1. Return the sequence-ordered ³J(HN,Hα) values of the stretch 13-18 in whole Hz as given by the Karplus equation 6.51 cos²θ - 1.76 cosθ + 1.60 applied to θ = phi - 60°, using x for Gly and Pro.
2. Under 14 Å from the Cβ of residue 18, count the other residues' Cβ atoms, weight Lys and Arg +1, Asp and Glu -1, and hand me the total.
3. Explain nothing, just compute: Karplus ³J(HN,Hα) = 6.51 cos²θ - 1.76 cosθ + 1.60, θ = phi - 60°, for every residue of the stretch 41-53 in order, whole Hz, x for Gly and Pro.
4. How large is ³J(HN,Hα) for each residue in the stretch 23-39, as worked out from phi by the Karplus curve 6.51 cos²θ - 1.76 cosθ + 1.60 (θ = phi - 60°), to whole Hz, x for Gly and Pro?
Amino acid sequence: MIKIMIKRKAPREKETELLSLITRLRSAASQQPGYISGETLHGTDKPEDYLVISIWETDASSGRIDVARAASTAIASTYG
């Protein structure tokens, strides 16, 4: 099993938009072979901090890492 973590900061006024994007990306990831689960963590003392974790089977992980990179790029292009 491998875990892929994506950490991002987003201003409070963009929270709804960010969570919508994360939900869409997780939905797309869940259709990929080997996807086990995912979760989003939100900072309590730093509410602009988000950590998205996806868990995958280890077989053929390079394709999954490409999916994670695409997700990270999509989030970064919107939120820096």
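Derivation of every value follows stated rules applied to the coordinates shown; laboratory data play no part. As the structure is a computational prediction, the values presented were derived from the model and not from experiment. We place every Cβ from the backbone using ideal geometry, glycine too, and count neighbours over all the protein chains shown.
1. Along the stretch 13-18, the couplings run 5, 9, 4, 4, 5, 4 Hz.
2. +2
3. Each residue of the stretch 41-53 in turn: 10, 10, x, 8, 7, 10, x, 7, 8, 10, 10, 9, 10 Hz.
4. Karplus-based 3J(HN,Hα) across the stretch 23-39 equals 4, 5, 5, 5, 4, 5, 5, 5, 8, 7, x, x, 5, 9, 6, x, 8 Hz.
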